[in-house]
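Chemist: Next up is a structure, given as structure tokens.
A short reminder: the numbers here are calculations on the coordinates, not readings from a lab. Keep in mind that what you see is a predicted model, and the values were worked out from it rather than measured. Here the Cβ positions follow ideal geometry from the backbone for every residue, glycine too, while neighbour counts run over all protein chains shown.
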Amino acid sequence: MNFKPLTALVILLSAALGIIGYMVMGEPGMGDLPMDKRQGAIMEKVANAPETLTPAETLTILEARVVEAPEDPEPHFFIGEMLRAEGRPNDAARAYQSALRRDADFVPALVALANVMMAMNDGGIGPEATRLFARAYELDETQVQAGMRAAMGAAQAGNQDVAEKAMRYIYNRLPEDDPRRERFRPMIEAIGQLGDDAAPESTASEDRLREVDDRLSWGGFESREEAQQFIAKVQDILARDDREAFVDLVFLPFERNIEGEVIARYETRVQLLEDFDSIVTDRIRAGVAKSTYEDLILNWRGGAICNGCIWFNRFDGEIKIIRISG
């Protein structure tokens, strides 16, 4: 996650202040200065002596940023951090939610809101916190703790199979020398088995096939054969340019995404058919044609082929396309 310049400033201020809380009060030493002069004095401190800023001044900077850039999630997130440090979890949660209303995929706010919800639940990880942790890990696989907490949430909800698969997925992506492997192993063993470490060596292809097999349920599939048949079906439909058949596979309502941003929403088959060429581009057709079972992406969102350009899951007993990106 690449933070904007505001991030570096607030991190510096937080370190200097220890984020010990703030009061929405006038700054001592400034008396009843007009707001524009107060802001000017604060910005002079930012430029020349940021370590002397008080929590109230830090809040002033954040509030000014909210006005200047109303769609920026960062100031809302940092206000939440200050509120949480002050021991005001409910207010902090509202600030994190405000950040997520501006960017639903802002990872720091996803993790922070989930952590606050967990703390307010005496360490329990409820369904919403589980969803937030899972989304954070899905967006950024360096958020390993978030991923493991999502798995723990599934376990606490009684979904042992999902929890074990999620933990294995995260564990297997850690480097061999990562100390977290030893810390996470007992957690996985408490839910399921890691598997026989002494199993005979196999080819990378066989390892990948087993890895996909283990996660098939995330994409709604019940067997390798069903997944292979679905991939072949989509490939055949697009090769024949059977647009009606392709639309039959789409779950409605349907949202079209480009680089993670929703650019259109379709409620009917007619609308999809009208925009078919702009939705199913030549790049997507080429990607689907090359897709294989081993290339399947399977995570909390569902399953995907062609490197995430087409996502799907099971609804009412059928595998349906739920998202097209590109």
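Chemist: Order 270-281, 77-88, 96-107 from most to least packed using the mean count of other Cβ atoms within 10 Å.
Modeler: Those peptides, ordered most packed to least, come out 77-88, 96-107, 270-281.
Chemist: Can you compute 3J(HN,Hα) from phi for each residue in segment 278-292, using the Karplus curve 6.51 cos²θ - 1.76 cosθ + 1.60 with θ = phi - 60°, rounded to whole Hz and x for Gly and Pro?
Modeler: 7, 8, 9, 7, 4, 4, 5, 4, 5, x, 5, 4, 8, 5, 9
Chemist: Can you check what the net charge comes to around ILE125, using other residues whose Cβ is under 15 Å from the Cβ of ILE125 (Lys, Arg +1; Asp, Glu -1)?
Modeler: That works out to +1.
Chemist: Looking at the square roots a ≥ b ≥ c of the eigenvalues of the Cα gyration tensor of segment 232-326, which shape do they give, rounded for a/c under 1.5, prolate if a/b is larger than b/c, or oblate?
Modeler: Rounded shape, in that the Cα axes give a/c under 1.5.
Chemist: A further question follows. I need the phi-derived Karplus couplings for segment 111-119: 6.51 cos²θ - 1.76 cosθ + 1.60, θ = phi - 60°, integer Hz, Gly and Pro marked x.
Modeler: So the J values, rounded to whole Hz, are 5, 5, 5, 4, 5, 5, 4, 5, 5.
Chemist: How large are Rg and Dmax for segment 59-155 when only the alpha carbon atoms are used, in Å?
Modeler: 13.3, 43
Chemist: Would you please classify the overall shape of segment 201-288 from the alpha carbon gyration tensor, given that a ≥ b ≥ c denote the square roots of the eigenvalues, rounded means a/c under 1.5, and beyond that prolate means a/b larger than b/c while oblate covers the rest?
Modeler: Prolate, because a/c is 1.5 or more and a/b exceeds b/c.
Chemist: Amide H to amide H under 5 Å from ILE310: which residues, 5+ apart in sequence or cross-chain, H placed 1.01 Å off N in plane?
Modeler: ILE305, SER325
Chemist: Let me ask something else. Could you tally the net charge around VAL116, taking each other residue with its Cβ under 12 Å from the Cβ of VAL116, Lys/Arg +1 and Asp/Glu -1?
Modeler: Net local charge, VAL116 excluded: 0.
Chemist: If you don't mind, another one. Could you give the distance between the Cα centres of segment 300-326 and segment 226-287, to the whole Å?
Modeler: 10
Chemist: Just to confirm a number: summing +1 for Lys and Arg and -1 for Asp and Glu over residues other than PRO253 whose beta-carbon lies under 14 angstrom from that of PRO253, what do you get?
Modeler: +2
Chemist: Apply the Karplus parameterisation 6.51 cos²θ - 1.76 cosθ + 1.60, with θ equal to phi minus 60°, to every residue of segment 233-248 and state each ³J(HN,Hα) to the nearest whole Hz, in sequence, with x for glycine and proline.
Modeler: Each residue of segment 233-248 in turn: 5, 5, 4, 5, 4, 6, 5, 8, 6, 8, 5, 4, 5, 5, 4, 4 Hz.
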